[in-house]
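Trainee: Below is one structure. I have some questions about it.
Read the figures in this text as sums done on the coordinates, not as results from a lab. Predicted model, so just to flag it, every value in this text is computed and none were measured. Ideal geometry is used to build each Cβ from the backbone, glycine not excepted, and the neighbour counts take in all protein chains shown.
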Amino acid sequence: MGLIVILYNNVLIQEEAKIDKKEVCVLQSCQKGEMRMDRFRSEKLITLRIQKFLASLGAWQLKIVGNQFMRTGVPDILVCYKGFFLALEVKRPGETPTKIQVYEMDRIKDAGGISEVVRSIEDVRELIDTIDVQFHEWAVIELERMSKG
């Protein structure tokens, strides 16, 4: 539970709501007398949720923190899941990666890794589902090969 405090038309509105402390809630005036609550999630919040999701799958992950010693453009989260290397560049909806980020992502793909821009847990879930299918197909082929040997 969190307390939302909003000033709307010079009237203080306070309301208890189930919100993550890191979420920022903004009350927008749509038309006279009509109000709508939108939640704007920061890239950091999206990243934290993706990390929590990946941890629930048992995936190895490393959050990249940019600094003067780090190569520019490296994706935000490096992941190893069922033997697949993933590099995830987290962006808010509507945002796009920089040229150097695209360059680094292309280098990862050229080296055989998977590198994608993700904007939500749903994007990551789709990627994981694709990997699960590929992993299953590989396992079936390997089992068939081993049974013939």
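Trainee: If you go through region 108-124, how many residues are surrounded by 14 or more Cβ atoms within 10 Å (Cβ to Cβ) and not in a strand (DSSP E or B)?
Mentor: Counting residues in region 108-124 that are surrounded by 14 or more Cβ atoms within 10 Å (Cβ to Cβ) and not in a strand (DSSP E or B) gives 7.
Trainee: Filter region 59-94 for residues that are part of a loop (DSSP other than H, G, I, E, B) and of a type in the set (Asp, Glu) and give the result. So that I can check it myself, show each step before the final result.
Mentor: The initial filter retains those residues of region 59-94 that are part of a loop (DSSP other than H, G, I, E, B), namely 59, 64-76, 82-83, 91-94.
Scanning region 59-94 gives a single hit, 76.
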